[in-house]
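**Q** Have a look at this one before I ask anything.
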């Protein structure tokens with residue numbers, strides 16, 4: 001018996017075992033990934049989610065911590081949005097451009113104003129079209145280009161604070 005024939009006989013069983021093992025591992029990977037999309041299963045399977053605790057949700061970000069609601073920004077959409085484009089203050093959605101092309105939001109010192117949404121293939125621009133008298137930043141006329149990922153309008157700075 002030549003060596004090549006002997007080698008094929010001895011390794012063919014091991015080769016089949018490796019292929020079966022790879023297929024079983026691939027199936028287990030797909031099943032585990034599918035299970036991680038279910039929130040209840042994710043809590044059980046993922047240690048990190050259990051250690052994170054409950055997410056922090058501010059009481060009301062539309063009304064700032066200082067209670068001052070006399071300051072505002074008006075944001076105007078340039079272009080046509082086919083999806084939802086939202087205005088976020090401190091990470092919480094406070095209004096959207098779904099009804100109007102302009103949105104007026106109340107702001108306070110230190111608020112982070114952002115835009116985000118589900119507008120996949122469009123390049124849009126949002127302009128700070130009006131600000132209250134004491135708002136220093138973001139500047140009037142600032143143009144923010146939106147390409148489908150969160151964009152920062154700016155952190156609010158109010159004169160005299």
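The values are calculated or read from the model by the stated rules, or taken from the named source; none is laboratory data. All of these numbers come straight from a predicted model, not from anything done at the bench. With ideal geometry, Cβ positions are generated from the backbone for all residues, glycine too; neighbour counts draw on all protein chains shown.
**Q** So how many residues does the range 50-81 have that are modelled with pLDDT of 70 or more and surrounded by 12 or more Cβ atoms within 10 Å (Cβ to Cβ)?
**A** 9
**Q** Additional query: Checking residue 124 against (1) within 20 Å of residue 72 (Cβ to Cβ); (2) within 21 Å of the chain's Cα centre (by Cα); (3) surrounded by 14 or more Cβ atoms within 10 Å (Cβ to Cβ), which test does it fail?
**A** The number of the failed condition is (1).
**Q** Of the numbered conditions (1) assigned to a loop (DSSP other than H, G, I, E, B); (2) modelled with pLDDT under 85; (3) surrounded by 15 or more Cβ atoms within 10 Å (Cβ to Cβ), residue 109 satisfies every one except a single condition; which is it?
**A** (2)
**Q** What tally of residues in the range 112-121 results from selecting those that are part of a strand (DSSP E or B) and surrounded by fewer than 16 Cβ atoms within 10 Å (Cβ to Cβ)?
**A** Selection size over the range 112-121: 1.
**Q** Anything in the range 140-161 that is surrounded by fewer than 16 Cβ atoms within 10 Å (Cβ to Cβ) and under 13 Å from residue 74 (Cβ atoms)? List them, or say none.
**A** Residues satisfying the conditions are 140, 141.
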